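K.L.:
Quick one: the structure is below, questions incoming.
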Amino acid sequence: MRAIILIKWALVSLLSLMSCFAQASVPQRIVSLSLCTDQLLLMLAPRQHIVSLTRGAVDPDLSYMAAEANGFLLTGGNIEEVLPLNPDLIVGSAFASRDAVHFLRQLGYPVKLIGLPVSIAEIRDLLLAFGEWVGSLERAEQVVRKMDWQLANLNLQQDRVKKTALIYSSNGYTIGSGTLENVMLNAAGFHNLAVDMGVVGFEQITLERVVAAQPAFLFIENHIDNSDSLASQYVNHPVLDKMLLSKQREFIPSRLRACAGPMVVEAINYLSENHHDSKP
Amino acid sequence: MTVNHSYHGVLIGLLVAMIGSFFADLLAGPVSLQWFNIWAAIIENKASLDSLIFFEIRLPRAILALLVGATLGISGAALQGLLRNPLAESGIIGVSNCAALGAVLVFYFGFTQWAWFALPLAGLLGALVSVVLIFLLAGRSGSTVTLILAGIAINTIAGALMAMALNFAPNPYAMQEIVFWLLGSVANRSVSDVLIIVPFIVFGGLLILSCGRFLNALTLGEETASSLGFNVQVLRWRLVVGVVACVGAAVSVCGNIGFIGLVIPHLLRPLVRHDPQRLLSVSAMGGAVLLLLSDVAVQVLSSGGELKLGVITSLVGGPFFLYLILKNRNVWG
C-alpha cells in the first residue's frame, strides 16, 4: 500500500514538474504593441494569457476582432505603460514603435515582431509562426486550414476579360504590385492599372494620371470621415466625379485590410461583390 | 518721352513673358495632351479625357500660379514703398504666415462650410493682424533692423501657433500638412479654389494700384506727401487693406510661397527708374512670370508633385537675399 502511494506521489510530482516546464515555454503574460498583433493574439492565443492590447483593438472600424477585444487592458504602446505589466512576451509590428522595441530588448524582454505579409502564402506563414510564439500552433493550423478552404471555395464570377481598376487614396496614393491589396484585387477579378504604371508598393500619383488611366473602377479610399485636410482634397477633387465611364467605390473597409490575416477572404468577397453589382 | 517708351517696352515685354509662361505652365504636366481634343471641347463642347485634364486640373493650376504670383509681386512692391524699406515682403515680415494661420484655423476646424468666402476672409484677417503689429512694432521709422526683427518675431509666433492649431486639428493628416502652409503649392487645386479668391485679389489689386501716386509722393517723406494734398492716414489704410486682401486670399489656398515679393520688385526697379507707381504693375506681371516658371520647374522636376512650389521660389530667392545683404551691407550697417 505504502509503495503504491509512494509511486503515485512520485508520478504526480513528476507530472506537475513536467507541466511546469511546459508552462515555462508558453508565455503567460503577453503584451501587444500594435493593432495587428492585437488581432492575431485574439485569434490565436488563450484569452487568459493576454495582458494588454492597444487602443485601436476595440475600434470596430479598424479592428476585425473589435468585439472580442472588450475587457482587456488597453495601452498606447508606450514603454512606461508596458513595463509595469511584467510581460513575458511582447509582440509588435516591425514597422511601428521601433524605439520602444529597441529599449525593451535592451532591458532583456523577449520581443517578437511581425512583418507585413504581401501574399496569401505569407499570411499562412505569419499565422503559423505567431501560433508557435504564443504556444497555440494547433489553433493556428486550424485557422490556416479554414482560410485555405474558404479561399478555395470563393464563389467568384470569372470573366474572360478582367475589369480594370485603380485605387486612389488620401494624399494621392495608389497601390501597386508587391502588396496584399493587389493580391486581393486580382483574386476578386480585377486588373490593377497601377501595376501597368509600374507602381510598386504605395506610391503617390497625380490626378492627371488617374484620369488618363481610365479605370473601369475607381476605388476611393478615405480612411476617415473628417475631410478637412489637404490630403482628402486629392480624393474629393471634382475631376474624379466627372471622369468618364468610371465607377467610384469605397475601397475595402479598414477593418478587413488594415492587418493581414484570415479576414483577407472577407476582403476579396467584398471586392468581388462590387464586381457583381456592375454587371448590366 | 524716352522714359515712357522704355516703360511701355517693359510692360509689353513682361506681358509677352507672362502669356508665354502661362502657356508653358499649361503644357507642363505628367500626361501629354492632344491639343485638338481640347480645341474640340471648346468649339463643339465635346468632352474628352484630355479636355477633362486640361479644364479641371491644368487651367486652375496655371490661373492660380498667375494670380498668386501677381499678388505676391504687387504686394511686395506696395509694402516696400509703404514702409520705405527694401526688405519689406509679405513672407519676411510675417504677413503670409499670419494669413496662413487664419486659413488653417478655418480650414481644419470645419468652418469652410459657413460661407464660400470664409477661407480667404480668414486669410485676410490673419494678414491684417500682422500688418497692424508691424506698424506698432516697427512704426514709420523705416529702420530695416527693427522691421526685420519684428518680422522674425511675428513669423515665429504665427508659425508656432499654426503648428499648435494643426496639432489639435481633428484630422490626422493635419500635422504633416504644415509643409504645405510653410512652403506653398498650387498642385491639385480645383476651379472652385480659383473662384473663391478672385474677388479678393481683384479688389486688393485695384486698391493697391489706386495708391500709386501716393507711393510716389511718399518717397519724399510723409510730411511732404501730406503737403502735396495726400490724406496719408486714409491712403495708408487703403494700401494696407489692398495688400492684406490679396495676400490673405492667395495664402489661404496656396500657402506661403516665399521670396517672390522680395526678389521681383528689386529686379524690376531699375527698369522703371525707381518709380514706385510704375513698379506696382510691372511687379505684378513679373511675380506672375516667376511663379508660373517655378511651377513649370516643379512639374518637370517631380512626377508625383511632391516638390513644393515654395522650394523653387526660395531657391531662387534665398541667394538673392544674400546678394542684397552683401551689396547693401555698408548702407544698412
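K.L.:
Which condition number in (1) in contact with a helix residue (DSSP H, G or I) (Cβ under 6 Å, 6 or more places away or on another chain); (2) modelled with pLDDT under 90 is the one that A:THR174 fails?
P.N.:
For A:THR174, the failing item is (2).
K.L.:
So which of B:GLY102, B:GLY184 is in contact (Cβ under 8 Å) with a residue 60 or more places away in the chain, at negative phi and not aromatic (Phe, Trp, Tyr)? Lay out the reasoning, then the answer.
P.N.:
Numbers: B:GLY184 fails: at negative phi.
Every option except B:GLY102 fails the conditions.
K.L.:
I would also like to ask the following. Pairs please, first residue from region A:103-129 and of a type in the set (Phe, Trp, Tyr), second anywhere and crowded, with 18+ Cβ neighbours inside 10 Å, Cβ atoms under 7 Å, 6+ apart in sequence or on different chains.
P.N.:
Pairs found: A:TYR109/A:PRO87; A:TYR109/A:ILE90.
K.L.:
With respect to A:ALA140, is the statement that it is surrounded by fewer than 21 Cβ atoms within 10 Å (Cβ to Cβ) and either of a type in the set (Val, Ile, Thr) or within 17 Å of the chain's Cα centre (by Cα) (or both) true? Break it down into steps so the answer makes sense when it comes.
P.N.:
Numbers: surrounded by fewer than 21 Cβ atoms within 10 Å (Cβ to Cβ): no; either of a type in the set (Val, Ile, Thr) or within 17 Å of the chain's Cα centre (by Cα) (or both): yes.
Here the answer is no, as A:ALA140 does not meet what is asked.
K.L.:
Where the second residue is surrounded by fewer than 13 Cβ atoms within 10 Å (Cβ to Cβ) and not hydroxyl-bearing (Ser, Thr, Tyr) and the first is within 14 Å of another protein chain (Cβ to nearest Cβ) and lies in region B:7-31, which pairs have Cβ atoms under 9 Å and are six or more apart or on separate chains?
P.N.:
Listed pairs, sorted by first residue: B:ALA28/B:VAL300.
K.L.:
Can you find a residue that is of a type in the set (S, T, N, Q), within 24 Å of A:ILE252 (Cβ to Cβ), in a strand (DSSP E or B) and without any contact (Cβ under 8 Å) to a residue 40 or more places away in the chain anywhere in region A:73-93?
P.N.:
Within region A:73-93, the subset of a type in the set (S, T, N, Q) is A:75, A:78, A:86, A:93.
Retained after the next criterion (residues that are within 24 Å of A:ILE252 (Cβ to Cβ)): A:93.
Now narrow it down to the ones that are in a strand (DSSP E or B): A:93.
Remaining after also requiring without any contact (Cβ under 8 Å) to a residue 40 or more places away in the chain: none.
Checked against the condition, which is being of a type in the set (S, T, N, Q), within 24 Å of A:ILE252 (Cβ to Cβ), in a strand (DSSP E or B) and without any contact (Cβ under 8 Å) to a residue 40 or more places away in the chain, region A:73-93 yields no hits at all.
K.L.:
Take B:ILE134 and tell me if it is under 22 Å from B:LEU87 (Cβ atoms), touching a Ser or Thr at 6+ places or on another chain (Cβ under 9 Å) and more than 14 Å from every other protein chain (Cβ to nearest Cβ).
P.N.:
Details: under 22 Å from B:LEU87 (Cβ atoms): yes; touching a Ser or Thr at 6+ places or on another chain (Cβ under 9 Å): no; more than 14 Å from every other protein chain (Cβ to nearest Cβ): yes.
The answer is no for B:ILE134.
K.L.:
Something else now. Across region B:84-105, which residue is nearest to the chain's Cα centre (by Cα) among those that are within 14 Å of chain A (Cβ to nearest Cβ) and crowded, with 23+ Cβ neighbours inside 10 Å?
P.N.:
Taking region B:84-105 first, the residues within 14 Å of chain A (Cβ to nearest Cβ) are B:100, B:103-105.
From what's left, crowded, with 23+ Cβ neighbours inside 10 Å: B:100, B:103-104.
Numbers: B:ALA100: 12, B:ALA103: 15, B:VAL104: 17 Å.
Of everything passing the filter in region B:84-105, B:ALA100 is nearest to the chain's Cα centre (by Cα).
K.L.:
B:GLY110 versus (1) assigned to a loop (DSSP other than H, G, I, E, B); (2) within 14 Å of another protein chain (Cβ to nearest Cβ); (3) within 17 Å of B:ILE197 (Cα to Cα): which is the lone unmet condition?
P.N.:
(3)
K.L.:
State the number of residues belonging to region B:113-139 that are among the polar types (S, T, N, Q) and surrounded by fewer than 19 Cβ atoms within 10 Å (Cβ to Cβ). Break it down stepwise before answering.
P.N.:
Filtering region B:113-139 down to residues among the polar types (S, T, N, Q) leaves B:113, B:130.
Pick out the ones that are also surrounded by fewer than 19 Cβ atoms within 10 Å (Cβ to Cβ) and you get B:113.
Adding up the residues that qualify gives 1.
K.L.:
Right, something else. Could you check how many residues of region B:1-55 are of a type in the set (A, V, I, L, M), assigned to a loop (DSSP other than H, G, I, E, B), more than 26 Å from the chain's Cα centre (by Cα) and closer than 22 Å to B:LEU66 by Cα?
P.N.:
Result for region B:1-55: 2.
K.L.:
All but one of (1) surrounded by 14 or more Cβ atoms within 10 Å (Cβ to Cβ); (2) part of a helix (DSSP H, G or I) hold for B:GLN233, so report the exception by its number.
P.N.:
(1)
K.L.:
Now for a different question. Read through the list (1) free of Cβ contacts under 8 Å to residues at least 12 places away in the same chain; (2) of a type in the set (Phe, Trp, Tyr); (3) within 14 Å of chain A (Cβ to nearest Cβ), then give the number of the only condition that B:PHE55 fails.
P.N.:
(1)
K.L.:
Same structure again: Scan (1) in a loop (DSSP other than H, G, I, E, B); (2) under 25 Å from the mean Cα position of the chain (by Cα) for the single condition A:ALA231 breaks and write down its number.
P.N.:
Every listed condition holds for A:ALA231 apart from (1).
K.L.:
Select from region B:265-306 the residues that are under 18 Å from B:GLY9 (Cβ atoms) and β-branched (Val, Ile, Thr) and write down the one among them that is modelled with the lowest pLDDT.
P.N.:
B:VAL272
K.L.:
Hey, another quick one. State whether one or more residues within region A:71-83 are in contact with a helix residue (DSSP H, G or I) (Cβ under 8 Å, 6 or more places away or on another chain), small (Gly, Ala, Ser) and on the phi > 0 side of the Ramachandran plot.
P.N.:
Yes, some residue in region A:71-83 is in contact with a helix residue (DSSP H, G or I) (Cβ under 8 Å, 6 or more places away or on another chain), small (Gly, Ala, Ser) and on the phi > 0 side of the Ramachandran plot.
K.L.:
Continuing with the same structure: Take the conditions touching a helix residue (DSSP H, G or I) at 6+ places or on another chain (Cβ under 9 Å), farther than 28 Å from B:PHE168 by Cα and among the small types (Gly, Ala, Ser) and apply them to A:ALA212. Does it pass?
P.N.:
Working: touching a helix residue (DSSP H, G or I) at 6+ places or on another chain (Cβ under 9 Å): yes; farther than 28 Å from B:PHE168 by Cα: yes; among the small types (Gly, Ala, Ser): yes.
So A:ALA212 passes the test.
K.L.:
So, one more: So B:GLY242 ticks every box in (1) farther than 24 Å from B:ILE92 by Cα; (2) away from chain A (no Cβ under 14 Å); (3) assigned to a helix (DSSP H, G or I) but one. Which box is left unticked?
P.N.:
Unmet condition: (1).
K.L.:
In region A:166-218, what count of residues is obtained for those that are facing another protein chain (nearest Cβ under 10 Å) and part of a loop (DSSP other than H, G, I, E, B)?
P.N.:
Of the residues in region A:166-218, 3 are facing another protein chain (nearest Cβ under 10 Å) and part of a loop (DSSP other than H, G, I, E, B).
K.L.:
For region B:78-90, state whether one or more residues are outside any helix (DSSP H, G or I), in contact with a helix residue (DSSP H, G or I) (Cβ under 8 Å, 6 or more places away or on another chain) and closer than 25 Å to B:LEU195 by Cβ.
P.N.:
yes
K.L.:
Would you confirm whether any residue within region A:242-257 is at the interface with another protein chain (Cβ under 10 Å from one of its Cβ atoms) and modelled with pLDDT of 80 or more?
P.N.:
Within region A:242-257, one or more residues are at the interface with another protein chain (Cβ under 10 Å from one of its Cβ atoms) and modelled with pLDDT of 80 or more.
The values are calculated or read from the model by the stated rules, or taken from the named source; none is laboratory data. Keep in mind the model is a prediction, meaning the values are calculated, not measured. Neighbour counts run over all protein chains shown; Cβ positions are idealised from the backbone, glycine included.
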